[in-house]
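The structure appears below as structure tokens.
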Amino acid sequence: MKRPERGVPSVHLGCERGVHLYGSGVNAPQIMLFHRPLVVVTFLLVAMATVHSQEDEVWSVTGVAGRSCDLPCYLSPRTPGDRPKLILWYKRGTRTPVFSYDGRAPQHNSSFQQEGGEVRVSRDAATLTIKSVGVEAAGVYECRVDFFKSPTHTSLVNLTIIEPPKSVEVMDSQMGLARDGIIGPYYEGQKIIVTCLSRKGTPLPNVTWWQGERLLDSVWEVVGPSEVQNNLVVERLTREWHNATLTCRAANTNLAQPVSVHVVVKMYLLPTSVVISNPGATRVGGQLMLVCASKGSRPPASLSWTLNGHSVTPYKEGPEYNPGSSSVSTSTLVINTTREHHGAKVVCQAKNPTRPKSPLSNSTTLIVHYPPTVKATLGRSLKPSLLKEGDDVYFDCIVSANPEASTITWYHEGTAQVQNVTLGVILAGDSLVLQKVGRRQAGQYTCAATNTITTATSSPVTLRIKYTPECLTSPTTYFIYDKPINITCTVSSYPAVNAIQWQWNNSNEVIVTEPVTETPDRAFSQLTVQPVVSPEDRALSCWAVNEMGKQTQPCSFSVKVAKMPLPLSSCRLANITASSLRDPSGQESGSSVGGAIGGLVVTLAVLVTAVVLRNYCRKHRSRTKQDPRPASDDSNPDVVPNIEETYDLLSSAESKVDATMYEVLDTSLGEDIPMHRPLLLQESLGEHSESYHPLVLQQHSPKEMDDYPGVRTDLYCPVDQLMQAEESVV
């Protein structure tokens, strides 16, 4: 780089973003830098390291008002390695330094901040940064550097401040100033003149018009002191100008963004299309919904309807605005169709409220079809209240359809009916015939008709068939002890049963109980059976009666008497631990060693007894498991379901007795305890005797017995077997 000429500006250094560097010599370089305050100055000074500073060198710096600006001071000591001792910045016209830096103070070895600015010192430069410069900051600054060894160095910087435009306004020749960034509205084909006015700014700015990145007009003129304007002329507005964004820019430097203002053009627009959405053929009596949509109009178009030339009121209207384009107006017309509407002409007309004499319309023609109307009825000659098993029944399906129904289908409880003369089901045209009906053919019947439009199904017709009651309870065996039991009899019947009757096999007495109706065709009743002295088994029957008569096949039950076990005797309670044995008298026997041996013997005896009892129970289970049965009737709350002939009620009370607190010693029971009878521990369990329940055995089909998985008997063993096993161990 050539040495700058003496006495003239040598460099223009811009502040903030854009920096222009111009040399005044013939071959001086031109450099555009993007400012990073310290880095840029350092780079610049390094790049010009070959230039020797002189007192008459002048640097030119351009700054923007309101921003910070850097003033460079190049350091070039003649003694290698020398450093500045004192740096002073003066502004011409003042005698005192505006900023200073003392290199003799170790704490200020890199920078020193003062009010309004900061001096940053690097190896090659001492840069003065002035914060938020104003117009008054413009002028020539002098940088004086005293080195420790080298002679004093002085450089000059000429600071120029650019003042951006103060304000920019947009107005048009008809509406005046733009409001809220909007100009207009204008009509299609109208001529407009839009003016942009810039005020103040040093130097005067360039004022231009833009649409996006496209330059529309760059011709401006000065209209007054510090006022510049640009007039944008559009000879004929088209629809494309609607919602267009125009930008006016005023710029007087590349170091700052131009001052801009944006306006949006609004226009009155005529509708461009009218479309009627017609769903096509519709069913008579239904609602036909026609939607008319008009777009392109601003403000939204007003829509109106005519039917065969007569005005009709729409169901609802709703304009919908599309951002960046014209609006869409919609209107919905609902017609309750009749046969007379077939072929009618419907017209929708759209008008812009600002241009009512320029409407746009469209029309459509209605097509009305008649879907099937279906009704299922019981034959006219039949009386529903008198139908019973064995009667012949027929139904009629009444259909009204256009086009005519092509098929008619009958359904019973949702299942399509197929002709089967053998079973007495006959389909004849639109009729269904049932010969010699039974109770299982009762229920709901519907018919469905199909034409080219749709398939319609009738409302259901309920067929009731009267029949005598029928038993729903399987033959059941009940076990009775010393408390009453409840026996449940459940039947199916239509109409509902009047009474349920009971009779024992050894008695002519008939017991009548009130039925409890669960559903219209299901009822039950319970009979309480008291314990009797006689040990004989008895048979019990029940049957229901309704208006059709008496139940032909009664429900049967068997009541068996279970024998009671003898009470326990010679029982003692002992507290057994691992180290001692304590008898009821409270004397402790044996030493700790003896107690340990005694505990070991007792533990071994208990283990042997448990093994023998387990094997015994398994042998008995293998015999009883060959005859598994499913659970008993769950409808009786007074019975506990059981499928084993041998049933142990000790399990219900076992959880209430702490097995670790006692051991039965010297137990003697009678030999006449039944081997295959459940035991009632009424006397020995005391307060736990309320857990008593009778036992129930039911008869089941072979399939039910094959499906039944059996019952675990590992955890329960009849008491009589336990006693026998214990005797065998002893």
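The values are calculated or read from the model by the stated rules, or taken from the named source; none is laboratory data. Fair warning: this is a prediction, and the values are worked out from it, not measured in the lab. No Cβ is skipped: glycine too gets one built from the backbone with ideal geometry, and neighbour counts run over all protein chains shown. Ligands, DNA and RNA are excluded from the accessible area calculation, which covers all protein heavy atoms including side chains. Shrake-Rupley method; radii C 1.70, N 1.55, O 1.52, S 1.80 Å.
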Residue in region 375-391 that is on the phi < 0 side of the Ramachandran plot, of a type in the set (Val, Ile, Thr) and open to solvent by 40 Å² or more (accessible area, probe 1.4 Å) present: no
Criterion (in contact (Cβ under 8 Å) with a residue 40 or more places away in the chain, open to solvent by 50 Å² or more (accessible area, probe 1.4 Å) and farther than 30 Å from Val61 by Cβ) met by exactly one of Ala281, Ala301: Ala281
Matching option when the condition is within 30 Å of Thr338 (Cβ to Cβ), among the aliphatic types (A, V, I, L, M) and open to solvent by less than 60 Å² (accessible area, probe 1.4 Å), among Val207, Val291, Val234, Val263: Val291
Test for Leu215: is it open to solvent by 60 Å² or more (accessible area, probe 1.4 Å) and either free of Cβ contacts under 8 Å to residues at least 60 places away in the same chain or closer than 25 Å to Glu163 by Cβ (or both): yes
Within region 242-310, strands (runs of 3 or more DSSP E) holding 1 or more residues that are within 41 Å of the chain's Cα centre (by Cα) and at negative phi: 273-277, 287-297, 302-307
Set Glu518, Glu470: member being exposed (fewer than 13 other Cβ atoms within 10 Å of the Cβ) and either under 30 Å from Lys383 (Cα atoms) or within 53 Å of the chain's Cα centre (by Cα) (or both): Glu518
Residue list for region 443-458, filter: in a loop (DSSP other than H, G, I, E, B), open to solvent by 30 Å² or more (accessible area, probe 1.4 Å) and in contact with a strand residue (DSSP E or B) (Cβ under 7 Å, 6 or more places away or on another chain): Ile453, Thr454
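Yes/no matrix, rows are residues, columns are (1) aliphatic (A, V, I, L, M); (2) touching a residue at least 40 places away in the same chain (Cβ under 8 Å):
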{"site": "Ala350", "(1), (2)": "yes, yes"}
{"site": "Val374", "(1), (2)": "yes, yes"}
{"site": "Asp392", "(1), (2)": "no, yes"}
{"site": "Phe395", "(1), (2)": "no, yes"}
{"site": "Asp430", "(1), (2)": "no, no"}
{"site": "Gly438", "(1), (2)": "no, yes"}
Residue that is nearest to the chain's Cα centre (by Cα) [pool: residues in region 533-556 that are more than 15 Å from Ile511 (Cα to Cα) and part of a strand (DSSP E or B)]: Asn546
Whichever residue in region 150-191 is on the phi > 0 side of the Ramachandran plot and in a strand (DSSP E or B) and, among such residues, is surrounded by the most Cβ atoms within 10 Å (Cβ to Cβ): Gly184
Out of Ser260, Ser294, sole residue that is of a type outside the set (Phe, Trp, Tyr) and within 30 Å of Ile335 (Cα to Cα): Ser294
Failed item in (1) surrounded by 14 or more Cβ atoms within 10 Å (Cβ to Cβ); (2) closer than 30 Å to Thr330 by Cα; (3) charged (D, E, K, R), with Asp396 passing the rest: (2)
Subset of region 232-265 (residues that are under 13 Å from Asn206 (Cα atoms) and touching a strand residue (DSSP E or B) at 6+ places or on another chain (Cβ under 6 Å)): Cys248, Arg249, Ala250, Ala251, Thr253, Asn254, Pro258, Val259, Ser260
Hey, Thr477 over 26 Å from Pro520 (Cβ atoms), in contact with a Lys or Arg (Cβ under 7 Å, 6 or more places away or on another chain), surrounded by 15 or more Cβ atoms within 10 Å (Cβ to Cβ) and touching a residue at least 40 places away in the same chain (Cβ under 8 Å) or not: yes
Verdict on Arg83 being among the charged types (D, E, K, R), at pLDDT 85 or above and surrounded by 15 or more Cβ atoms within 10 Å (Cβ to Cβ): yes
Residue count, region 357-371 (criterion: modelled with pLDDT under 95, open to solvent by less than 60 Å² (accessible area, probe 1.4 Å) and within 45 Å of the chain's Cα centre (by Cα)): 4
Pair list, Cβ under 8 Å, 6 or more apart: region 515-542 residue closer than 15 Å to Ile485 by Cα, other residue part of a loop (DSSP other than H, G, I, E, B) and open to solvent by 80 Å² or more (accessible area, probe 1.4 Å): Ser525/Glu514; Arg538/Asn505; Arg538/Asn506; Ala539/Asn505; Leu540/Asn505
In region 401-428, residue most open to solvent (accessible area, probe 1.4 Å) [restricted to those that are in a loop (DSSP other than H, G, I, E, B) and in contact (Cβ under 8 Å) with a residue 40 or more places away in the chain]: Glu404
Members of region 368-412 found to be touching a Gly at 6+ places or on another chain (Cβ under 7 Å) and within 26 Å of Asn451 (Cα to Cα), listed by number: Tyr394, Phe395, Asp396, His412
Count of residues meeting criterion [among the basic types (Lys, Arg) and in contact with an Asp or Glu (Cβ under 9 Å, 6 or more places away or on another chain)] in region 256-271: 0
